[in-house]
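A quick write-up on the structure given underneath.
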Protein chains: 2
Amino acid sequence: MAQKPSIPKGTRDFSPIEVAKRNYIFNTIRAHFERFGYQPIETPTFENSETLMGKYGEEGDRLIFKILNSGNYFFNKQKIELPRSIESLQVNSAETISVEELVQLNQFTNKISEKALRYDLTVPFARYVVQHQNEIEFPFKRYQIQPVWRADRPQKGRFREFYQCDADVVGSTSLWQEVELVQLYDSVFFDLGLKGVTIKINNRKILSGIAEVIGASDKLIDFTVALDKLDKIGEDGVKKEMLEKGISEEAIVKVQPLFNFTGTTAEKLEKLSQLLAGSQEGLKGVEELRFICENVLEIGLKDSKLDLDVTLARGLNYYTGAIFEVSAPEGVSMGSIGGGGRYDDLTGIFGLKNMSGVGISFGLDRIYLVVEELGLFPETVTSTSKAIFLNFGESEAKYAMKAISKLRAAGIKVEMYPDNAKIGKQFQYADKRGISYAIIVGGEELKNNVYNLKNLASGEQQTLDFESLQNILQ
Amino acid sequence: MAQKPSIPKGTRDFSPIEVAKRNYIFNTIRAHFERFGYQPIETPTFENSETLMGKYGEEGDRLIFKILNSGNYFFNKQKIELPRSIESLQVNSAETISVEELVQLNQFTNKISEKALRYDLTVPFARYVVQHQNEIEFPFKRYQIQPVWRADRPQKGRFREFYQCDADVVGSTSLWQEVELVQLYDSVFFDLGLKGVTIKINNRKILSGIAEVIGASDKLIDFTVALDKLDKIGEDGVKKEMLEKGISEEAIVKVQPLFNFTGTTAEKLEKLSQLLAGSQEGLKGVEELRFICENVLEIGLKDSKLDLDVTLARGLNYYTGAIFEVSAPEGVSMGSIGGGGRYDDLTGIFGLKNMSGVGISFGLDRIYLVVEELGLFPETVTSTSKAIFLNFGESEAKYAMKAISKLRAAGIKVEMYPDNAKIGKQFQYADKRGISYAIIVGGEELKNNVYNLKNLASGEQQTLDFESLQNILQ
């Protein structure tokens with residue numbers, strides 16, 4: 001093999017320092033998940049295709065990685081009819097494929113593939129809850145930190161394999177959950193040192209209320225998309241776009257307060273309750289938002305800002321109550337670093353009705369980039385050894401290994417250079433590995449039962465007995 | 001969907017307590033890996049098929065899970081010729097498939113699948129080392145704890161998705177690595193409380209030497225397999241089997257000492273050096289074993305027993321030096337709970353020559369079963385909350401949430417029952433979740449700014465101010 005081996009596009013290798021930094025973020029998130037009473041579960045990397053297909057829309061189905069049936073898929077005791085049209089098919093990217101051919105293709109794919117890689121953590125969680133409903137105490141607060149896979153076109157910051165960190169509660173409609181999830185975001189980002197994070201909150205019922213008010217629920221997405229551009233194209237620009245999208249002038253007049261939607265949370269809630277006076281659902285949304293915002297503000301956040309944002313509409317077809325999204329601190333150009341919301345019927349797709357769920361997700365890769373950009377990884381985040389014993393030959397090595405054995409038993413990360421190489425090479429190795437101390441045990445040290453400890457940053461050297469050595473390294 | 005959803009055979013869901021127990025083992029292994037100077041890497045879940053195929057033998061190739069090319073695999077601007085013979089193929093498990101058909105089938109599979117799930121951690125590690133050789137300081141001590149996938153027939157204790165925990169050094173031939181790997185096994189199992197573990201050691205060169213001595217290297221596997229049955233079928237039975245396998249009587253006489261291969265390690269080494277006097281390679285193996293065993297014994301193990309076992313031959317075609325295998329404590333019926341060895345040419349398959357590697361692996365699932373069977377999981381291994389505030393209504397809940405917010409900031413795992421449900425139901429929930437304390441704040445407590453703490457095991461109750469509450473829970 002002349003060529004260097006490579007990995008599939010959209011995937012990554014992680015070096016020791018990258019693993020250490022990622023684990024620092026994972027461990028912080030995990031610690032807070034557990035403090036907040038969430039419990040870990042893990043689900044298999046692949047699910048039965050029928051568990052995943054049809055749950056993420058047509059686009060999602062296309063992005064699911066499918067696994068070929070193992071062994072020989074012709075040994076299934078069934079005849080596999082390959083679509084004749086496909087056999088002779090030669091499609092350039094410019095050409096199209098007929099619907100009939102696509103149907104045949106899908107049928108064929110289903111025959112040779114019955115499993116698929118996890119696409120997110122929510123559908124497997126719903127499947128888990130239904131499958132294990134008799135073993136679970138509800139409300140069930142679970143967290144899950146596992147990779148997911150999407151056959152998206154890879155680009156900067158978008159990968160085909162990436163981790164999701166989700167916390168969800170299922171089986172309770174209490175709005176205290178939403179209050180807690182805002183606190184959870186605040187706690188994690190505070191601990192990571194990410195100051196100035198904004199937690200945006202909205203409610204699907206507010207959006208439905210607006211639809212009612214503008215008299216056209218089918219225009220809601222156009223409406224929110226346009227309104228979201230207020231910062232960029234100004235009020236006139238937004239109104240122009242709305243008219244172009246077929247929203248009536250009358251409707252636009254009705255929701256005029258949204259064009260100047262500023263003020264304190266209390267003021268915003270007041271504006272909304274006036275605007276949505278004619279919509280029962282809208283008013284319910286206002287009450288839910290009021291409960292969440294008032295309690296969050298009264299109990300207090302450590303650092304994050306809570307921002308009621310009526311344009312927030314992520315997963316519009318999915319969420320039924322609260323909607324969350326977290327923006328990175330101002331000045332860092334990065335999309336959302338987290339999001340979530342409430343879905344009244346989490347497990348209905350698997351036959352268990354009336355299970356309300358609410359949850360949030362942390363975007364590990366983007367959080368990593370933000371923490372890196374702001375220089376917030378602690379210097380102690382490393383997996384490397386504290387000290388390395390240099391190797392001066394067999395009897396010195398044996399003397400070193402006896403000390404190492406005792407130091408490790410005391411929990412100290414320490415190693416010996418395995419070969420009796422030139423000392424310059426050994427020092428260079430220690431330096432490149434980022435190890436703080438070299439320990440030199442030559443004939444003299446061995447004779448006197450001592451250790452020569454060299455601080456590789458300062459160059460300072462001292463001769464120590466074992467106890468003093470252990471104390472310094474501990 | 002009327003039927004309860006399920007997961008693919010050979011895969012598992014892990015409940016909160018199972019995740020906590022598994023993490024206890026992972027964390028123990030990881031802590032010792034790092035103490036011994038090993039550094040973590042992670043590689044992608046799927047590799048390019050060409051990276052994996054052909055590395056595990058024919059049987060291995062068959063057990064590799066292949067991933068369908070994403071999107072529409074007919075959009076590759078190439079014509080895919082489906083084998084006509086397969087189109088009309090109808091194979092029952094009883095029928096056979098012709099070689100020609102199989103070739104066509106493989107060609108077809110390769111066209112629709114270019115990626116495959118990781119089958120072990122060693123081949124991806126070799127690929128990683130070659131790909132990143134310019135960024136790595138050698139010798140490179142890496143550890144890796146990730147799942148692997150095999151399309152094996154699932155059975156008790158054998159899964160299609162399972163974790164491997166590997167530590168390997170690449171780029172050094174120093175036998176101190178072998179010494180250290182024995183100590184690493186000993187340290188991990190000692191910390192897990194697994195007393196009486198046996199670390200078996202052998203050397204491929206000893207086996208080659210025996211082959212030389214019996215004058216038939218092609219009979220070596222038959223020879224070791226037969227010898228391994230000494231306990232069960234006795235010396236006569238073993239000799240009978242050897243003769244049946246075509247090993248000459250003369251050869252059997254030569255290796256007579258192996259039939260009574262007992263005594264101290266020093267005695268065993270002495271027997272071997274006499275037996276293998278005629279084999280240069282065999283004597284080299286004896287010297288390697290002598291260095292490893294003598295140093296291990298001189299520096300000392302915490303609890304495990306080191307056992308020189310000449311019948312140990314795992315991965316015969318793979319290892320070139322030391323061979324390791326760990327047996328569970330006596331009395332626990334379980335196969336090996338770990339294994340490893342040295343391979344002189346780890347990265348040659350990817351074009352980087354002369355890179356010796358040595359490593360060991362921990363079998364997570366089996367270790368889990370042993371720790372469970374012996375009741376060695378500490379009682380503190382749980383992810384559940386320390387205390388739960390019961391919910392008596394909105395103002396009490398708000399009072400509780402304020403306290404919870406402060407307790408969590410102090411790192412205490414605590415939660416509130418989200419709904420104002422019947423108190424019996426709330427207590428039952430706390431009990432089933434295994435939570436130690438319930439905290440009751442009704443109108444009286446709220447008025448007096450105190451908390452009523454109930455120990456759910458003893459039933460004991462006490463009224464406390466916030467500070468005392470925090471002190472008890474901490």
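Read-outs: derived from the displayed coordinates by stated rules, not from any lab. Small disclaimer: the values here were computed from a predicted structure and weren't measured. Neighbour counts are summed over all protein chains in view; Cβ atoms, including those assigned to glycine, are modelled from backbone coordinates with ideal geometry.
Overview of results
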quantity: Candidate lysines - alpha carbon under 25 Å from A:LYS302, same-chain residues fewer than 8 apart omitted; calculated: A:LYS21, A:LYS141, A:LYS195, A:LYS200, A:LYS268, B:LYS386, B:LYS398, B:LYS402, B:LYS406, B:LYS413
quantity: Value of [θ]222 nm, deg cm²/dmol, for chain A, DSSP H segments ≥ 4, -39500 (n - 2.57) each, nearest 500; calculated: -12500 deg cm²/dmol
quantity: Sum of side-chain charges, B:GLU287 neighbourhood, beta-carbon under 12 Å (Lys, Arg +1; Asp, Glu -1); calculated: 0
quantity: 10 Å Cβ neighbours from other chains, averaged over peptide A:42-52; calculated: 6
quantity: Distant-in-sequence amide H partners of B:ASP345 (H built 1.01 Å from N, under 5 Å); calculated: B:GLY357
quantity: Cross-link partners of B:LYS219 among lysines (Cα-Cα below 19 Å; sequence separation of 8 or more within a chain); calculated: B:LYS205, B:LYS229, B:LYS239, B:LYS240, B:LYS245, B:LYS254
quantity: Karplus-derived 3J(HN,Hα), 6.51/-1.76/1.60, for each residue of segment A:263-276, Hz, glycine and proline x; calculated: x, 6, 4, 4, 5, 4, 4, 5, 4, 5, 5, 6, 4, 9
quantity: Separation between Cα centres of segment B:24-53 and segment A:267-285, rounded to whole Å; calculated: 54
quantity: Cα Rg over Rh - segment A:384-473, Kirkwood; calculated: 0.91
quantity: Ratio Rg/Rh [Cα only; Rh per Kirkwood] for chain B; calculated: 1.08
quantity: Amide H partners (placed H, <5 Å) of A:PHE389, local residues excluded; calculated: A:GLU415, A:MET416, A:TYR417, A:ILE439
quantity: Mean Cβ neighbour count within 10 Å, used as a protection proxy, ranking A:293-306, B:385-398 highest first; calculated: B:385-398, A:293-306
quantity: Neighbour net charge for A:LEU52 - beta-carbon separation under 13 angstrom, K R +1, D E -1; calculated: +2
quantity: Karplus-derived 3J(HN,Hα), 6.51/-1.76/1.60, for each residue of segment B:356-367, Hz, glycine and proline x; calculated: 7, x, 9, x, 9, 10, 10, x, 4, 5, 6, 4
quantity: Hydrodynamic radius of segment A:244-320 per Kirkwood, over alpha carbon pairs, in Å; calculated: 14.2
quantity: Inter-centroid distance (Cα atoms) of segment A:182-208 relative to segment A:107-171, Å; calculated: 23
quantity: Fraction of the pair-distance distribution of segment A:172-318 above 23 Å, Cα-Cα pairs, percent; calculated: 38
quantity: Label point 7 Å beyond Cα along the C-beta direction, distances from A:GLU373 to other copies (nm, shortest first); calculated: 5.3
quantity: Label-point separation, A:GLN474 to A:ARG62 (7 Å along Cα→Cβ), nm; calculated: 6.3
quantity: Calculated FRET value between B:ARG12 and B:LYS305, using beta carbons and R₀ = 30 Å, to 0.05; calculated: 0.40
quantity: Kirkwood Rh in Å, taken over segment A:197-240 so that all alpha-carbon pairs contribute; calculated: 11.5
quantity: Partner chain coverage, peptide A:403-409 - average Cβ within 10 angstrom; calculated: 5
quantity: Number of partner chain Cβ atoms within 10 Å, mean per residue of A:26-32; calculated: 1
quantity: Nearby aspartates and glutamates by direct alpha-carbon distance to B:LYS156 (threshold 14 angstrom, same-chain neighbours under 8 apart not counted); calculated: B:ASP365
quantity: Order of B:TYR318, B:TYR38, A:TYR119 under a 10 Å beta carbon neighbour criterion, fewest first; calculated: B:TYR318, A:TYR119, B:TYR38
quantity: Two-decimal Rg to Rh for the protein assembly as shown - Kirkwood Rh, Cα set; calculated: 1.01
quantity: Charge tally in the Cβ shell below 14 Å around A:GLY193, where Lys, Arg are +1 and Asp, Glu are -1, A:GLY193 excluded; calculated: -3
quantity: Spin-label model distance (nm) - B:THR198 vs B:GLN256, 7 Å beyond Cα toward Cβ; calculated: 2.6
quantity: Over chain B, relative contact order from alpha-carbon pairs under 8 Å, at least 6 apart, %; calculated: 15
